[in-house]
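Throughout, read-outs are computed from the coordinates displayed, never taken from laboratory work. Keep in mind that this is a model prediction, so the values were computed, not measured. Positions of Cβ are generated from backbone atoms using ideal geometry, with glycine treated the same way; all protein chains shown enter the neighbour counts.
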Amino acid sequence: MNYNFYPGPSKIYPQVAGYFQEAMDLGILERNHRSNAFQDLFSSTKILLKSKLNIPLNYEIVVVSSATECWEIIAQSFIRNKSYHFFNGAFGEKWADYTQKIHPETVKKPFELNENPLPHSLDKNTELLAFTHSETSNGTAISESFQKQVRAQFPDSLIAYDATSSMAGYEFDWDLGDIWYASVQKCFGLPAGMALMVVSPKAIERAKEINESEHYNSFNFILKNVQNNQTHHTPNIANVYLLNRLMQNIENISSIHQNLKERKEKFYNELLKIEKLKPLIPSSEHQSDTIFCLKGEKEFIQDLKQEAEKEGIILGNGYGQWKEITLRIANFPAIPNKHYIDLINFLYRF
Ligand SMILES: *Cc1c(COP(=O)(O)O)cnc(C)c1O
């Protein structure tokens, strides 16, 4: 049996194989992206996403190529001079770095693993605050109570969340952010090559005011296309189709998130019995529901990964400064509950 707990690219929902065959049979993959066939597909995909992920109807959904591209789109189209980037891991830091190349005034606000970011000292007129909702590199996440605090403190700023390893797993309170984005090869359980950006009316307004139009992926140009159910370039039609079929068939996000939370609780409870493996993030307030990051002695981690591989279990390597002493386990909805029971049993045996 094959077990894939890698946090990205990750386990793909098994039904995707059938959806792909359907797309071939329907001929949709060979249709022009300005055709009615594609426009209907795209329009129904956005409606399904809003319904299954409980996205407010007045938010807009656009498709682009990757989360990395979102970093650049946000810098180009939603920021005039300066944004504040709060991070405690590699992805948040990269987002800040890419933004800084476009806006030298970008401010970096690193914070520790077991604390909330500290936006207290910022000016109320701050243009944009950037957070990594679930930091895939170390298994931390921004809690909803903290999100509420930030929204209340900065009613006029844009708040952007990198939700690459949490969108389609977490039930978000979308109003707490203005720009949310994710590529689909992680928590969505789809093949790589596409990302979604979910954008509030306030963010759309801001992009219009800034009126940036220098790039093929300037947000205003993307938006103009999306409002006609089209895209600014030939999109990943296969992934749009797979996403559409997946959204038709999954449960509402509130039951998906509930299941992930129960699975997480069970997993961490069982983990207490394994002495040599501890969560990198001890406090549940700062732990991600979708990425488990476990730490141990370097040699133990090495041996464990080797043995897992022999048994057909793919675990995620540690990342950045935690590379040698941690391993990462995705808690994504495409992975069946049974696989976590088998994983715990493997850990006991080991
Ligand atoms: C994987 C990941 C990215 C990068 O995604 P790409 O699709 O490779 O651009 C960005 N942010 C987070 C939090 C991620 O986990």
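The figures follow:
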read-out	value
Neighbour-count ranking [beta-carbon atoms within 10 angstrom, fewest first] of Asp123, Asp162, Asp289	Asp123, Asp289, Asp162
Neighbour-count ranking [beta-carbon atoms within 10 angstrom, fewest first] of Ser166, Ser121	Ser121, Ser166
Residue-averaged 222 nm ellipticity for the chain, from DSSP H runs of 4+ at -39500 (n - 2.57), nearest 500	-12500 deg cm²/dmol
Efficiency of FRET from Cβ geometry, His233 and Arg31, R₀ 22 Å, rounded to 0.05	0.90
Residue-wise HN-Hα coupling along the stretch 132-137, computed from phi with Karplus coefficients 6.51, -1.76, 1.60 (Hz; x: Gly, Pro)	9, 4, 10, 7, 4, 6
Residue exposure sequence - Arg80, Arg263, Arg328 - by fewest surrounding Cβ within 10 Å	Arg80, Arg263, Arg328
Set Lys94/Lys186; Lys50/Lys323; Lys109/Lys224 screened for pairs whose C-alpha atoms are more than 25 Å apart	Lys50/Lys323; Lys109/Lys224
Residue pairs, from the table Lys52/Lys202; Lys101/Lys202; Lys82/Lys108; Lys82/Lys208, whose Cα atoms sit over 20 Å apart	Lys52/Lys202; Lys101/Lys202
Student exercise, the stretch 16-249 dipole from Lys, Arg, Asp, Glu Cβ charges, in Debye to nearest 20	280 debye
Choice from Phe87, Phe332, Phe154 with maximal GNM fluctuation in the chain (Cα, 10 Å cutoff)	Phe154
12 Å cut-off, amide nitrogen to a point 7 angstrom out along Asn259 Cα→Cβ, residues in the stretch 322-340	332-339
The chain: C-alpha gyration tensor shape, a/c 1.5 cut-off, then a/b vs b/c	oblate
Alpha carbon Rg of the stretch 225-350, scaled by the compact-globule rule 2.2 N^0.38 Å	1.31
Loop trypsin sites (Lys or Arg not before Pro), the stretch 124-209, which have at most 13 other Cβ atoms in a 10 Å radius of their Cβ (DSSP)	Lys124
Sequence-distant residues sharing a close amide H with Lys11 (under 5 Å, placed H)	Tyr6
Cα convex hull volume per residue for the stretch 48-103 (Å³)	119 Å³
The stretch 144-216: chymotrypsin sites (Phe, Trp or Tyr not before Pro) in DSSP coil with no more than 10 other Cβ atoms inside 10 Å	Tyr216
Thr106 long-range amide H proximity, modeled H, under 5 Å	Ser83
Karplus (6.51, -1.76, 1.60) ³J(HN,Hα), θ = phi - 60°, over the stretch 256-273, in Hz, Gly and Pro reported as x	4, 5, 4, 4, 5, 5, 5, 4, 5, 4, 4, 4, 5, 5, 5, 4, 4, 7
In the stretch 8-38, trypsin sites (Lys or Arg not before Pro) in a DSSP loop with at most 15 other beta-carbon atoms within 10 Å	Arg31, Arg34
